[in-house]
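Trainee: Please see the structure below; I have some questions.
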Amino acid sequence: MCYRRPAAGGPRVSLSVDDRLEILDLAARYNHAVDSGDHEGAAALFTEDGAIEATATGTIAGPAAIADYIGSRPDGWQRRRHFNNNAIIEGVPGDEDAATLAMYIMVLSRRETVLPRLLGRYEDELRRVDGEWRFRRRRIIADADAASGRRAEG
Amino acid sequence: MPLSVEDRMAILALVTRYNHAVDEGDVDTRSETFTEDGVWDSDTAGVVTSREAIRAHAATRAPQAHTKKHWTNSPVIEGDGDHATITQYLWLVEIVEPRRTLMIGTYHDTVRREPEGWLFAKRELRVHSRIDY
């Protein structure tokens, strides 16, 4: 099932302040986990049927595959820092345990200290499982001007 | 008692106040984000203990103000009652020519609720990469 984000001006479902803070916290925990090489910790932020979707890699589904994907380049990940900005968090009509998060991403490399390694955006579908917000689908879309020669690694 | 939404917003505002103060060379505001016994422990400045010592240290760095911006990101706040920790990233970028990334690092902060609000009891800045500047 794919959640469609409401069109601009269309109906919006507001989430509580607590939900919004927990969702921002989820995004921050993902960054800290992948950047410190904690691929199991990062995978645990996804639902059992969760998936990462990136242009270069296609769909990676399930916590084990996600952990393998993130752990497959530990040196590379640990030299990077994921920064997020401009988060838009919205509820999903008729489903109080679902939300969407659209957000900018900038990945800085610890080796190449001049320019961001990746600029792009996340389009995330979130689901509340046992009271905790989790990623159900994390779509990584690299900005065209930053994508040349770069893999979109979220 | 878990942190309230108000507490979390106040803690984020403390971080913002620090960033603006250091970038503007506002020595008083920067040092007043710390408790009286606050500790500033960075890979670049070493360990500076007490608000007064932090004020003196900040004064030596104030001439570099207006050339850099502190971008902090991905804060994870944990705590309860009157104590909390924040783990967050720093991107230090030069805003004058040659407009470079100067540093990427991580702040490990300990904050405490004081009569005047949440303040840094300790700021640790660990540098992941930096260039000489």
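Trainee: Go ahead and estimate [θ] at 222 nm for chain B from helices alone: -39,500 (n - 2.57) per DSSP H run with n ≥ 4, summed, over the residue count, rounded to 500.
Mentor: -8500 deg cm²/dmol
Trainee: Largest first, how would B:9, A:103 line up by accessible area (1.4 Å probe)?
Mentor: Putting B:9, A:103 in descending order of accessible area: B:9, A:103.
Trainee: Then there is this: Rg(Cα) of the protein assembly as shown divided by 2.2 N^0.38 Å?
Mentor: 1.05
Trainee: OK, next. Relative to the longest principal axis of chain B, what angle (0 to 90°, nearest 10) does the C-alpha long axis of helix B:51-61 take?
Mentor: Taking the Cα atoms of chain B, the angle to B:51-61 is about 20 degrees.
Trainee: Could you size up the charge dipole of the range B:5-130 around its Cα centre, putting +1 on the beta carbon of Lys and Arg and -1 on that of Asp and Glu, and report it in debye to the nearest 20?
Mentor: So the magnitude is around 580 debye.
Trainee: Heads up, I need the accessible area for residue B:12: 1.4 angstrom probe, whole protein in place, Å², nearest 10.
Mentor: Accessible area of residue B:12: about 60 Å².
Trainee: At 1.4 Å probe size, with no ligands or nucleic acids counted, give the accessible surface of residue A:96 in Å², nearest ten.
Mentor: Its heavy atoms expose roughly 150 Å² to the probe.
Trainee: Looking at the P(r) of chain B, how many percent of alpha-carbon pairs lie beyond 20 Å?
Mentor: 42
Trainee: To the nearest 10 degrees, how steeply does helix B:5-24 sit against the main Cα axis of chain B, on a 0 to 90 scale?
Mentor: Helix B:5-24 sits at roughly 20 degrees to that axis.
Trainee: Top mean-square fluctuation among B:14, B:119, B:102, Gaussian network model of chain B, C-alpha springs under 10 Å?
Mentor: B:102
Trainee: Kirkwood hydrodynamic radius for the range A:17-147: how many Å is it when counted over pairs of different Cα atoms?
Mentor: 14.9
Trainee: Could you give the size of the charge dipole of the range A:17-147 about its Cα centre, using +1 on the Cβ of each K and R and -1 on the Cβ of each D and E, expressed in debye and rounded to the nearest 20?
Mentor: About 720 debye.
Trainee: Buried accessible area for the B:A pair, summed, 1.4 Å probe, in Å² rounded to 100?
Mentor: 1800
Trainee: For the protein assembly as shown, what is the charge dipole size about the Cα centre, in debye to the nearest 20, if Lys and Arg each add +1 at the Cβ and Asp and Glu each add -1 at the Cβ?
Mentor: Charge dipole of the protein assembly as shown: 1160 debye, to the nearest 20.
Trainee: Okay, next question. Skip the ligands, DNA and RNA, and give the accessible area per residue of the protein assembly as shown with a 1.4 Å probe, whole Å².
Mentor: The answer is 47 Å² per residue.
Trainee: In the range B:1-97, what trypsin sites (Lys or Arg not before Pro) fall in a loop by DSSP, with at most 10 other Cβ atoms inside 10 Å?
Mentor: none
The values are calculated or read from the model by the stated rules, or taken from the named source; none is laboratory data. Quantities reported herein were computed from a predicted structural model and do not represent experimental measurements. Heads up, the Cβs are rebuilt from the backbone with ideal geometry, glycines too, and the neighbour counts pull from every protein chain shown. Side chains are part of the model used for accessible areas, which takes the heavy atoms of the whole protein and leaves out ligands, DNA and RNA. Shrake-Rupley method; radii C 1.70, N 1.55, O 1.52, S 1.80 Å.
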